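Below is one structure, written out as structure tokens, with a few remarks after it.
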Amino acid sequence: MSKPSPTRTTAKATGPAGISDRRTLRANARKRIEDGAVTPTYSADRTAVVKLLNDALATEWVCVLRYYRHYYMAKGMLADAVKAEFLEHAQQEQAHAGMLAERIVQLGGEPDFDPDTLTARSHAEYKEGGNLRDMVRENLVAERIAIDSYREMINFVGDKDTTTKRILEHILAQEEEHADDFADMLEGWIGE
Ligand SMILES: [Fe+2]
Ligand SMILES: [Fe+2]
């Protein structure tokens, strides 16, 4: 009786913990192919993640609208410098909304752009602000809300969905820059 060859035994042995063999990978990939990027090993709560991303999407759009309002309404001695900042932030928030919508679709969800429910679903508020300084202060508050909510989402998603986590981390870093821009402006503010 011949013994199994050592080579065959090694090939059949299981690999490092958490690493599937080729056959398992191939079989899993053929299950529910209509789910696209979402494979059977996706371990986050997909419904909850999509809901969080949609809340963040609503927040981003409320911020886009608030920044545009402020951009067009800004008046006064410092208006030119501040307007440039408002416009840049409006465009960056819109880009964030795009990243979130794209990820929602990849996860099999639907991005909710319904304007009727936008402000109710947003974390940040749409505050018009009475003067330039008010506008800057309201934007700083909104950015600080966004920072906290993105940080919570990152903790929730954790390492179960690293792509979503990476997107959220990228956005969080920009919201921190936005908040810092306004904190700097307020620090040296002269006049009303
Ligand atoms: Fe944003
Ligand atoms: Fe921001």
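Every read-out reported here was derived from the displayed coordinates using simple, explicitly stated rules and does not represent laboratory data. Quantities reported herein were computed from a predicted structural model and do not represent experimental measurements. Using ideal geometry, Cβ is built from the backbone for each residue, glycine included, and neighbour counts are taken over all protein chains shown.
Here Ala17 and Glu110 are evaluated by their C-beta separation; at R0 = 41 Å the FRET efficiency comes out at 0.65.
One decimal place: the segment Arg46-Ala173 gains 43.3 nm when fully extended, by the rule 0.36 nm per residue minus the C-alpha distance. Prolate is the label for the chain, because the ratio a/c of its alpha-carbon gyration tensor axes (a ≥ b ≥ c) is 1.5 or higher and a/b is greater than b/c. As a rough guide to protection, the peptides 99-109, 63-73 ranked by mean Cβ packing within 10 Å, highest first, stand as 63-73, 99-109. Non-local lysine pairs in the stretch 41-187, meaning eight or more places apart or on different chains, with alpha-carbon distances under 21 Å, amount to 5.
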